[in-house]
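So the structure is just underneath, and the comments pick up after that.
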Amino acid sequence: MRKALVTLVLCWPLGAQMATTTQQVSPGFSLHIEAKPPSVKLGAAITIEVTLTNTSSSDLLYNPGDFGEDVNVWDERRSAVKATAQGEVFKGTGNNHKELPNGMYSFQTRGNGNGKLLILKPKESAVRRLTIDDLFDLRSPGKYTVEVTRKDIDSKVSVKSNTIVLTLLP
């Protein structure tokens with residue numbers, strides 16, 4: 001009886017700890033994108049608005065010129081559209097970035113935030129505009145699907161935006 005009681009006492013905290021490590025953590029923000037406008041003539045600037053919303057109960061640091069997002073574009077066949085040289089740097093495959101104190105990366109050629117971090121209060125949103133024809137080879141008419149992702153450092157979850165369809169007219 002005494003041996004069984006000791007085993008129960010020793011195993012119980014381990015079981016309790018295991019239960020807490022399997023809890024799912026929600027990301028502290030959401031992403032929403034919108035095309036401005038959704039249809040453009042080939043050769044015109046293709047702009048999307050990225051909205052970063054703080055869905056947590058605490059402040060969120062962000063760079064107004066760089067939300068730390070990655071942009072993904074697919075053609076009508078669902079093939080990934082090739083990034084331009086500027087797009088490669090934007091995606092972080094270039095060596096032109098630095099790590100910020102909160103573990104995010106700031107790409108020096110991205111946006112115009114000059115590395116300045118601002119605070120986004122709970123339930124507040126910030127909007128930034130991206131000209132994606134600078135980032136991707138969009139020289140052919142057709143429909144293109146766009147999605148934005150950003151990794152949440154705290155929850156380790158990759159947050160995806162809604163997907164939109166852009167139409168490039170001849």
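Give, as ranges by residue number, the residues of region 113-150 whose backbone N falls under 11 Å from the point 7 Å along Cα→Cβ of residue 36.
127-131
Report, in listed order, any pair from 123/143; 82/123; 41/82; 121/151; 82/151; 36/82 with a Cα-Cα distance greater than 30 Å. Present the calculation step by step, with values, prior to reporting the outcome.
Numbers: 123/143 33 Å; 82/123 35 Å; 41/82 20 Å; 121/151 19 Å; 82/151 22 Å; 36/82 22 Å.
Correct reply: 123/143; 82/123.
By accessible area of protein heavy atoms, probe 1.4 Å, what ranking do 129, 150 get, highest first? Kindly include the intermediate steps, with their values, before the conclusion.
Details: 129 135, 150 10 Å².
Output order, biggest surface exposure first: 129, 150.
Determine how large the accessible area of residue 56 is when every protein chain is in place; take a 1.4 Å probe and give Å² rounded to the nearest 10.
That residue has around 30 Å² of solvent-accessible surface.
The values are calculated or read from the model by the stated rules, or taken from the named source; none is laboratory data. Here the structure is a predicted model, which means the values were calculated and not measured. Counting neighbours? That spans all protein chains shown, and the Cβs are built from the backbone with ideal geometry, glycine included. The area values use the complete protein model at the heavy-atom level, side chains included, leaving out ligands, DNA and RNA. Shrake-Rupley method; radii C 1.70, N 1.55, O 1.52, S 1.80 Å.
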